[in-house]
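See structure below.
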C-alpha cells in the first residue's frame with residue numbers, strides 16, 4: 001500500500017461507553033467520510049468488534065459500569081499495538097491514571113470532551 005492510499009484511508013474509531021446518549025453524541029459529532037465510528041456498550045461488545053476490525057483509535061469511558069476499562073486497554077495494547085487508546089473520565093484520580101498509562105493508554109482526557117480535544121488523534 002502506498003503513502004497516498006494510507007493518507008486517504010478514513011480513521012477507524014471505536015467508542016466504548018455504557019451511556020447510549022454519550023456514544024450516539026460522539027458518533028454524531030465525529031463521524032465523517034474521514035472518520036468511521038463504531039460503538040460498543042460493553043467490554044464484550046468492544047472485544048467482538050476488535051476481533052472483526054482494525055481500529056486506529058479506541059475511546060474508552062473509564063467510569064462506565066459495563067466496561068472493564070483497564071482490562072480492555074491492556075488487551076488492545078497487547079493485541080492491536082498500533083491502535084491508540086484514549087481513556088475518558090469525569091474525575092482525574094492520579095493513581096487510576098497511572099494504572100491506565102501502565103496498561104497501554106496513549107492519553108487520558110477529562111470530560112466534558114470537545115472535538116478539539118480529539119482532533120489531534122483523528123487526523
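Among the residues of the range 13-31, what is the count of those that are surrounded by fewer than 16 Cβ atoms within 10 Å (Cβ to Cβ), touching a strand residue (DSSP E or B) at 6+ places or on another chain (Cβ under 8 Å) and within 12 Å of residue 113 (Cβ to Cβ)?
Looking only at that region, the number is 0.
Starting from residues that are buried (at least 19 other Cβ atoms within 10 Å of the Cβ) and within 14 Å of residue 17 (Cα to Cα), keep the ones in the range 40-52 and report whichever is farthest from the chain's Cα centre (by Cα).
The residue in question is 43.
Return the pair list, or none, for Cβ contacts closer than 8 Å from residues in the range 3-27 that are at pLDDT below 90 to residues that are part of a helix (DSSP H, G or I) and surrounded by 16 or more Cβ atoms within 10 Å (Cβ to Cβ), at least 6 apart or on different chains.
From the range 3-27, no pairs qualify.
So how many residues does the range 53-101 have that are touching a residue at least 40 places away in the same chain (Cβ under 8 Å), surrounded by fewer than 18 Cβ atoms within 10 Å (Cβ to Cβ) and under 30 Å from residue 8 (Cα atoms)?
The number of residues fulfilling the criteria is 2.
The values are calculated or read from the model by the stated rules, or taken from the named source; none is laboratory data. Computed from a predicted structure; not experimentally measured. Note that we place each Cβ from the backbone using ideal geometry, even for glycine, and neighbour counts take in every protein chain shown.
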